[in-house]
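Student: Got a structure for you, written out below as structure tokens; questions coming shortly.
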Amino acid sequence: MTALRTSRSGRTGQYLALLCYLVFLAFPFLWLISTAFKPARELGSLHPTWIPEDPTLDNFRQAFDEQPLLRAAGNSLVAALAAAVVAVVIATPMAYVMARNRSKLSAAATGWVVVSQAFPFVLVIIPLFLILKNLHLINSLFGLIMVYVVWSLPFALWMLVGYVRAVPRELEEAAAVDGAGRARTLLSVTAPLLAPGIVATALFAFITAWNEFFFALVMLKTPEKQTLPVVLTHFLGAEGVADLGPLAAAAFLATIPSLAIFAIIQKRITGGMLAGAVKS
Amino acid sequence: MTLANAAPRSERQSGRRSPGQPRPGKQLDHGAWFLVLPALIPILVLSVGPLLYGISLAFTDSQAGRTEPTEWIGTLNFQDLVHDTLFWDSFRIGLLWAVGVTVPQFALALGLALLLNQNLRLRWLARALAIIPWAMPEVVVGIMWRLVYNPDAGILNETIRDLGLGDGRDWLSGLATALPAVIVVGIWAGMPQTTVALLAGLQNTPYELHEAAALDGAGAWRRFRTVTWPALRPVALAVTALNFIWNFNSFALVYVLTNGGPGGRTRLPMLFAYEEAFRYGQFGYAAAMGCVMVAVISVMLALHLAGRLKGGDER
């Protein structure tokens, strides 16, 4: 350690730089919170302050009055939950095969995972829109869930393959030697070790669906069906003239679930992502 | 404790003798097919299929609300596209935006990753704060920055006024300031992911190499150039390539911030294609745009990667 000891002035410089980063990362979010709690009078003032002088919850009340936020949150919840569960249930077995077998299929699937990241969504959404329209699945949460499942699959596979590879193969071989069948081995040896990774992947798929905007904007036409991000844009109004207080309040509320979940799983996500990235 | 400390653990477990590494030459047996099909069918039906269908649409006159059957029109859409100056304007803006976000973001994220790789006291705070841009819906990020940029009630102009630097301006509506303003938001929004990826790359460099270099009298910059950077290069290359593609294809952030305005100055290709398809109903034409976007980006990236990888061999 001694060889790399940084000089005192170097240390000060480092802390100064870190401070700049912290301010840059934090200030827009703090401003959002500040705006959300300001009464209309303060928002009209030409000299806004960081701390609301007269904090109020009016903006939150007004936000719920102006837009169907609760229903939108409900729609988001249903879509994100269903997409996350289905994606993980179908991705886990495939990820297992991809991690344990080297076959043409695994190679093709890995290629698809990479390539699918590069396509502009418009090239996929137009045909999907036409197909789902023929099936009468436009403006339906069910149709959106189908899109979300496929959309979150590449990343789910990517993470899960990393998690499977972290499970030592020897454990499975030992179980096989002990006379356990394949299904038995998978369920009683592999699955428990994989469980935390599966949960992390599901939560990540949940957040991406909860946050998703483009597909929801294209596919959901009526306010009763729309998800939270789409409904939030209604606060912006025509020509960008927005009611700042309720806008900030609603935006702040929409963030809380993802921030909470992300705070819990952040370590695992980065781990899974990197495991996948390093191994492929 | 660092942003990415979960990664090396799994790495260590399987790294030594790679028990998780696929064994060569194995064909899928029936059991494996049974495991693969639940994911494979939706992928083929809802992803690969539509993609091929989308490419084929680019050669048709497919339109919303068209009563007569869709016809093949060959490369007519592409011929029109070549002369569509609005599209090429948006393409140019998309490239400016993608480079404008990716490059500074990489520089900033590298700086932050190097800092977080040090034994500094406020690391936990940086890690906690980094969650915010990462986990937020893009729509909320856009809304949040509109509040920051707001000409009257925004904190940016108020700070400018406080510092006596003038009255500030309407950043998102100014012809000259709109694109830089949205680029700053793009940089902010993608910082955490880039930082985490680079930090993981940094932690893969053996500490002993740093020590050895330091004992040989190499300064911080020398150490960075001779030890850190060579080890980081593959990660850096992958990160910039992916970020570039993602940024070029991005939509929600700019849709919320400016919706392509003022006067099309921030109209990214995806916003243009979206309007063409879902406002004007020109499905075939918009699909052709998508094809051109993919083609150009693929070629550029292939050249970029080929050049960089070759450069790496000469090292």
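Student: Between residues in region B:197-214 that are under 21 Å from B:VAL239 (Cα atoms) and residues that are basic (Lys, Arg), which pairs lie under 9 Å by C-beta distance while being six or more apart or on different chains?
Tutor: Going by the 9 Å Cβ cut-off, the qualifying pairs are B:GLY201/B:ARG233.
Student: What tally of residues in region A:190-235 results from selecting those that are open to solvent by less than 10 Å² (accessible area, probe 1.4 Å), away from chain B (no Cβ under 11 Å) and outside any helix (DSSP H, G or I)?
Tutor: 1
Student: Another question, if that's okay. Can you tell me which condition A:CYS20 does not meet? The list is (1) closer than 17 Å to A:ALA251 by Cβ; (2) within 10 Å of chain B (Cβ to nearest Cβ), and all the others hold.
Tutor: Just one mismatch for A:CYS20, condition (1).
Student: With B:LEU35, B:LEU96 as the choices, which residue is surrounded by 13 or more Cβ atoms within 10 Å (Cβ to Cβ), part of a helix (DSSP H, G or I) and facing chain A (nearest Cβ under 8 Å)?
Tutor: Checking each option against the conditions leaves just B:LEU35.
Student: Right, here's the next one. Kindly evaluate B:ARG222 against the criterion of being among the basic types (Lys, Arg), closer than 20 Å to B:THR102 by Cβ and either in contact with a Leu (Cβ under 8 Å, 6 or more places away or on another chain) or more than 11 Å from chain A (Cβ to nearest Cβ) (or both).
Tutor: no
Student: Kindly provide the set of residues from region A:178-187 that are within 17 Å of A:ARG100 (Cα to Cα), open to solvent by less than 70 Å² (accessible area, probe 1.4 Å) and either among the charged types (D, E, K, R) or free of Cβ contacts under 8 Å to residues at least 24 places away in the same chain (or both), ordered by number.
Tutor: A:GLY181, A:ALA183, A:THR185
Student: From A:PRO120, A:PRO127, grab the single residue that is in a helix (DSSP H, G or I), facing another protein chain (nearest Cβ under 9 Å) and crowded, with 16+ Cβ neighbours inside 10 Å.
Tutor: Only one candidate passes the filter, namely A:PRO127.
Student: Any chance region B:107-118 includes a residue that's assigned to a loop (DSSP other than H, G, I, E, B) and surrounded by fewer than 24 Cβ atoms within 10 Å (Cβ to Cβ)?
Tutor: Yes - at least one qualifying residue is present in region B:107-118.
Student: Of all residues in region A:83-115, which are more than 9 Å from every other protein chain (Cβ to nearest Cβ) and of a type outside the set (Val, Ile, Thr)?
Tutor: Hits for region A:83-115 are A:ALA83, A:ALA84, A:ALA107, A:ALA108, A:GLY111.
The values are calculated or read from the model by the stated rules, or taken from the named source; none is laboratory data. Quick caveat, the model's predicted, so the values are computed rather than measured. Cβ sites come from the backbone with ideal geometry, for glycine too, and all protein chains shown count toward neighbours. Just so you know, the surface numbers come from the protein's heavy atoms only, side chains and all, with ligands and any DNA or RNA stripped out. Shrake-Rupley method; radii C 1.70, N 1.55, O 1.52, S 1.80 Å.
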